[in-house]
1. If Leu8 meets every condition in (1) in a loop (DSSP other than H, G, I, E, B); (2) exposed (fewer than 14 other Cβ atoms within 10 Å of the Cβ) apart from one, which number is that one?
2. Is region 58-79 home to any residue that is of a type in the set (Ser, Thr, Tyr), part of a loop (DSSP other than H, G, I, E, B) and out of contact with any Lys or Arg (no Cβ under 9 Å at 6 or more places or on another chain)?
3. Find the residue count for region 132-153, including only residues that are assigned to a strand (DSSP E or B) and either surrounded by fewer than 18 Cβ atoms within 10 Å (Cβ to Cβ) or touching a Pro at 6+ places or on another chain (Cβ under 8 Å) (or both).
4. Consider Gly40 against the criteria (1) under 17 Å from the mean Cα position of the chain (by Cα); (2) surrounded by fewer than 16 Cβ atoms within 10 Å (Cβ to Cβ); (3) more than 19 Å from Leu118 (Cβ to Cβ): it satisfies all of them except one. Which criterion is unmet?
5. Would you point out which residue out of Lys129, Lys170 is among the basic types (Lys, Arg), surrounded by fewer than 16 Cβ atoms within 10 Å (Cβ to Cβ) and under 19 Å from Lys109 (Cα atoms)?
6. Cβ-Cβ under 8 Å, sequence separation 6+ or interchain: first residue in region 183-201 and closer than 19 Å to Glu140 by Cβ and free of Cβ contacts under 8 Å to residues at least 60 places away in the same chain, partner among the aliphatic types (A, V, I, L, M) and part of a helix (DSSP H, G or I). Which pairs?
7. Take Val56 and decide whether it is surrounded by 18 or more Cβ atoms within 10 Å (Cβ to Cβ), more than 30 Å from Arg174 (Cα to Cα), in contact with a His (Cβ under 8 Å, 6 or more places away or on another chain) and β-branched (Val, Ile, Thr).
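FYI, it's all coordinate maths here, none of it is from the lab. Fair warning: this is a prediction, and the values are worked out from it, not measured in the lab. Methodologically, a virtual Cβ is constructed for each residue, glycine included, from the backbone with ideal geometry; neighbour enumeration extends over all protein chains shown.
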Amino acid sequence: MKITLPRLPKDLDKAVGLKQLINRDETLSESHVQDEDISGIQAKSFNASDVRFERVNLTQAKLEKTGFSDVELVNCELIATSLPDSSWRQVLVKNARGSGMQLQTSTLKDVTFVDSKLNLVNFRYSKLKNVCFKDCVLDEADFYMAQLENVYFQNCTLMKTEFSGSKLKKVDFRTSDMFGILGIRSFSGAIIDSTQLMSLAGPIANELGIIVKDD
């Protein structure tokens, strides 16, 4: 699977006062934002292009209709960050804490998540194409009614992750650990290995109403 990574200019301008820029509804471009705290901020829209965010705290920020294009988020706090209806194009998220992040009804294309904690993330009704989750925790993440195409879960953990009503096309789980998956009926289009098939026997039986007895 080929995923296009962000293509940032070699020389980025250092940006300060991120909160003020967002409040003025300004587009941030060709910038390096470092060690800023915008936790709890609220804005109807925010756009960033060719930007590296490093050690930025967005905990419980509410940024509707955010647009990220050629963006890196490195060592950022994204706990309970609300980003509904957002658009992500060529984005790298690395070593982030994103528990409870809200990405419902968003579009993600050519996005890579690496070494990140993404449990309880809400991807409901979102569209993911050419997306890689590498070494991530996705326990109880919610992909209800989401569309996933060319998505790769590499060395991830997925416990009680929700896929009910989702549509999968070339979604590769083969190197990940999966337990108690919900919505197994929607797994048409998933790629798994034989060991994973055994671990999914319980959810498959539950979904199909199969009663297993050994006596």
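1. Result: Leu8 fails condition (2) only.
2. Among the residues of region 58-79, not one is of a type in the set (Ser, Thr, Tyr), part of a loop (DSSP other than H, G, I, E, B) and out of contact with any Lys or Arg (no Cβ under 9 Å at 6 or more places or on another chain), which makes the answer no.
3. 3
4. Gly40 satisfies every listed condition except (1).
5. Working: Lys129 fails: surrounded by fewer than 16 Cβ atoms within 10 Å (Cβ to Cβ).
On inspection, the qualifying residue turns out to be Lys170.
6. Final answer for the pair search is Ile184/Ile204; Leu200/Ile184.
7. Working: surrounded by 18 or more Cβ atoms within 10 Å (Cβ to Cβ): yes; more than 30 Å from Arg174 (Cα to Cα): yes; in contact with a His (Cβ under 8 Å, 6 or more places away or on another chain): no; β-branched (Val, Ile, Thr): yes.
Here the answer is no, as Val56 does not meet what is asked.
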